[in-house]
1. Are there chymotrypsin sites (Phe, Trp or Tyr not before Pro) in segment 3-51 that DSSP marks as loop and that have at most 13 other Cβ atoms within 10 Å, and which are they?
2. Using a simple charge model, +1 on the beta-carbon of Lys and Arg, -1 on the beta-carbon of Asp and Glu, nothing else, what dipole does the chain show about its Cα centre, in debye to the nearest 20?
3. What does the accessible area of LEU71 come to, in Å² to the nearest 10, when a probe of 1.4 Å is used?
4. For the chain, count the residues as N, evaluate 2.2 N^0.38 Å, and divide the Cα radius of gyration by that value, please.
5. Rounded to the nearest 10 degrees, what's the angle between the helix 23-46 long axis and the longest principal axis of the chain, both from Cα atoms, 0 to 90?
6. Please compute the net charge surrounding ALA19, taking Lys and Arg as +1 and Asp and Glu as -1 over other residues with Cβ under 15 Å from its Cβ.
7. Give the carbon-plus-sulfur fraction of the accessible surface of the chain in %, rounded to a whole number; probe 1.4 Å, heavy atoms of protein chains only.
8. How much length is gained on full extension from LEU89 to ASN2, taking 0.36 nm per residue of separation minus their Cα-Cα distance?
Amino acid sequence: MNMNTIRYIVSAMLLLAIADLPYGYYTILRIIVTIVAGITAFIASEQDNEIWMILFGAIAILFNPIIPIYLDKEIWVVIDIIVAILFVLSTFTVKVEDDF
């Protein structure tokens, strides 16, 4: 599975989070988004792409499960949509040549 596929899956998971799901889903989502955002930020930094590095570093901090940031559901819906779009857009700009 390549990194672009993983980012598409994470985008779909973020859009699914708009629904009213059990709390456990959101916990798993936080973990997955944090990991994938951190990897994407690292790849962007290796490519000297500072904007994507900062964006995905901020996403990793926002979604981190260790020190969670609590916001209202309405705010998370907007954030989830924006972050899902950013993950999709990153597949065009933050390229990975090796598959996982």
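The values are calculated or read from the model by the stated rules, or taken from the named source; none is laboratory data. Note that the structure is a prediction, hence the values are computed from the model and not measured. FYI the Cβ positions are ideal-geometry reconstructions off the backbone, even for glycines, and counts take in every protein chain you see. These area figures cover heavy atoms from the full protein model, side chains too; ligands, DNA and RNA do not enter into them. Shrake-Rupley method; radii C 1.70, N 1.55, O 1.52, S 1.80 Å.
1. Details: sites: TYR8, TYR23, TYR25, TYR26, PHE42; in loops: none.
Passing sites in segment 3-51 do not exist.
2. Details: 4 positive and 10 negative charges, 43 e Å.
For this selection, approximately 200 debye.
3. Counting only protein heavy atoms, LEU71 exposes about 70 Å² to solvent.
4. Details: Rg = 13.0 Å, N = 100, 2.2 N^0.38 = 12.7 Å.
Computed over Cα atoms of the chain, the ratio equals 1.03.
5. Orientation of helix 23-46: about 20 degrees from the principal axis.
6. Working: positive: LYS73; negative: ASP20, GLU74, ASP80.
Charge balance in the 15 Å sphere: -2.
7. On the way: 4330 of 6010 Å².
That share works out to 72 percent.
8. Numbers: separation 87, 0.36 × 87 = 31.32 nm, distance 1.55 nm.
That pair, LEU89 and ASN2, stretches by 29.8 nm at full extension.
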